[in-house]
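Asker: Mind having a look at this structure? Questions to follow.
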Amino acid sequence: MTAKVAIAHLGARKHYQEPILFHEWGVLERFYTDFYAGHGRMTKLLRSSTVFPKLPGALKKGLDRYDPILEKAPVTHFPAFGYQYIQKLKNSSPQQACSIYNWAGKEFCRRIIRHGLGDANTLYGFPVSSLELFEYAKSEGLHCILDQIIAERAFTYDLLEQEETLWSNWSITPFQIQAAERELIAREQQEQKLADHIVCGSEFVKESLIAKGMNHDRISVVPLGRLKGEIVPAQRRERLAPKARGDELRILFAGAVNLRKGIPYLLTALRSLKIPFTCRAAGGIEIKPERVAEYSDVCEFLGRVPRSQMSELYDWADVFVLPSIVEGSAMVTYEALMCGLPIITTYNAGSLVRHELDGYIVKVRNAEAIAERLTQLYETGIASQQSQARQQYFLDVFTEAQETLRSVVCQSLN
């Protein structure tokens, strides 16, 4: 039996990676999302190189909710709901966000069920936005697949609470587990139980699921990272180590500047360095202004950077650092690797980094190890692979990951 997949995709996760693959494989029955800008004449005009740069940021973000590969794909979206969802989040406090995620997950499921799943025999969903849909699909005899995009939620929340204890008075809004967070945990755990199979981006995520009682046979690791057009893999020129070229070490961090991404460990490492360096942090700032001021002498906090400017930052840097406490499989590590940057990161980041080949895997919560590797890169650099060999590595990984995903989608139907 041929798979006919309906995918419920709230937001623009992973740059529409899964809907695109299902469409290319000829198995996409329907792609459901909250808002999709589409491929009409007006949207194409607004995306033109002469008009798009002049548009306000909010409109640009909305127009970016599309992919040319999906022009002929069967897409159903709910724009009124999508607008309501965005406005609720925009006008909410961080403490209210989890309540809104719960509401959005339920409402998204309700609208899809009312629309119907057509001839689908497989449903592909994401955490928190799939529970009622999975319940309905199971009653109709559909095969359900859950894409666990980050480590198991209760496990994640435990780590975040630990970080708030270790780094008190850092977060603008300290993380706390309250009623809405507990509801999110319960929703996700019910989704996991209903799912016939779970896919995730890294062994770290798989281990977090097994630790909470999931059967390892029901979990497949699928490390797929899709780059959008703004991030162009560079034919990166071979650089001498900064010390050899008489230059400072250029360090880049990209992602939310918060405890989950491990920013205190990077800043602590920078403070201890005895080498010349410049560090830039690109991403929304979620730590208190006094912390930013305290470390402004060792790090330039850029705030949110448009994706169109990220290639310039990757090209500027000598090294990319992401000391995450908990992730799924951080997309920025895929981008940095594809752009030829050595990376210092943690196992918890779920990256494709091969230790001492693409960069270094350091222990989580270890500023000293970060500083040691930064010093090593300043003094001697790292023997990086040729671009062709690196591209072949990615091709091999992604080919295997796609084959695994395709097998998961079709396995119960054969």
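Asker: Looking only at the range 179-191, count every residue that is among the acidic types (Asp, Glu) and over 22 Å from the mean Cα position of the chain (by Cα) and tell me the total.
Answerer: Total satisfying the criteria: 1.
Asker: Would you pick out the residues in the range 136-176 that are of a type outside the set (Ser, Thr, Tyr), touching a Phe, Trp or Tyr at 6+ places or on another chain (Cβ under 8 Å) and more than 13 Å from residue 287 (Cα to Cα)?
Answerer: 144, 145, 146, 147, 149, 151, 160, 161 - these are the residues of the range 136-176 that are of a type outside the set (Ser, Thr, Tyr), touching a Phe, Trp or Tyr at 6+ places or on another chain (Cβ under 8 Å) and more than 13 Å from residue 287 (Cα to Cα).
Asker: A follow-up question, please. For the range 146-155, does any single residue satisfy the condition of being in a helix (DSSP H, G or I), modelled with pLDDT of 95 or more and among the hydrophobic types (A, V, I, L, M, F, W, C)?
Answerer: Yes, the range 146-155 contains at least one residue that is in a helix (DSSP H, G or I), modelled with pLDDT of 95 or more and among the hydrophobic types (A, V, I, L, M, F, W, C).
Asker: Here's another thing I want to ask about it. Pick from the range 145-154 the residues that are of a type outside the set (Val, Ile, Thr) and touching a residue at least 60 places away in the same chain (Cβ under 8 Å): which of them is nearest to residue 189 (Cα to Cα)?
Answerer: 152
Asker: When you check residue 76 against the structure, is it outside any loop (DSSP other than H, G, I, E, B), touching a strand residue (DSSP E or B) at 6+ places or on another chain (Cβ under 6 Å) and surrounded by fewer than 21 Cβ atoms within 10 Å (Cβ to Cβ), yes or no?
Answerer: Judged against the criteria, residue 76 is a match.
Conditions tested, residue by residue: (1) over 26 Å from residue 84 (Cα atoms); (2) touching a residue at least 60 places away in the same chain (Cβ under 8 Å).
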residue: 1; (1), (2): yes, yes
residue: 10; (1), (2): no, yes
residue: 19; (1), (2): no, no
residue: 42; (1), (2): no, no
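Asker: Also, quick follow-up: Kindly indicate whether any position in the range 43-61 is in contact with a His (Cβ under 6 Å, 6 or more places away or on another chain), modelled with pLDDT of 85 or more, surrounded by 14 or more Cβ atoms within 10 Å (Cβ to Cβ) and in the same structural domain as residue 145 (by TED's automatic domain parsing).
Answerer: No; the residues of the range 43-61 include none that is in contact with a His (Cβ under 6 Å, 6 or more places away or on another chain), modelled with pLDDT of 85 or more, surrounded by 14 or more Cβ atoms within 10 Å (Cβ to Cβ) and in the same structural domain as residue 145 (by TED's automatic domain parsing).
Asker: Follow-up. State all residues of the range 309-328 that are farther than 15 Å from residue 367 by Cβ and of a type outside the set (Phe, Trp, Tyr); if no residue qualifies, say none.
Answerer: Within the range 309-328, 309, 310, 311, 312, 313, 315, 317, 318, 319, 326, 327, 328 qualify.
Asker: From 255, 262, 303, 328, which residue is surrounded by fewer than 20 Cβ atoms within 10 Å (Cβ to Cβ) and either within 23 Å of residue 164 (Cα to Cα) or assigned by TED's automatic domain parsing to the domain that holds residue 209 (or both)?
Answerer: Just a single option satisfies the conditions, and that option is 303.
Asker: Right, another one. Give the residues of the range 358-397 that are in a loop (DSSP other than H, G, I, E, B) and either among the aromatic types (Phe, Trp, Tyr) or at pLDDT below 90 (or both), sorted by residue number.
Answerer: Selection gives 381, 382, 383, 384, 385, 386.
Asker: Assigned to a helix (DSSP H, G or I), buried (at least 18 other Cβ atoms within 10 Å of the Cβ) and of a type in the set (A, V, I, L, M): is that true of residue 120 in this structure?
Answerer: Here the answer is no, as residue 120 does not meet what is asked.
Every residue, every condition in (1) within 20 Å of the chain's Cα centre (by Cα); (2) within 14 Å of residue 328 (Cα to Cα); (3) in contact (Cβ under 8 Å) with a residue 24 or more places away in the chain, yes or no:
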{"position": "168", "(1), (2), (3)": "no, no, no"}
{"position": "177", "(1), (2), (3)": "no, no, no"}
{"position": "194", "(1), (2), (3)": "no, no, yes"}
{"position": "197", "(1), (2), (3)": "no, no, yes"}
{"position": "204", "(1), (2), (3)": "yes, yes, yes"}
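The values are calculated or read from the model by the stated rules, or taken from the named source; none is laboratory data. Quantities reported herein were computed from a predicted structural model and do not represent experimental measurements. As a convention, Cβ positions derive from the backbone with ideal geometry for all residues, glycine included, and neighbour counts pool all protein chains shown.
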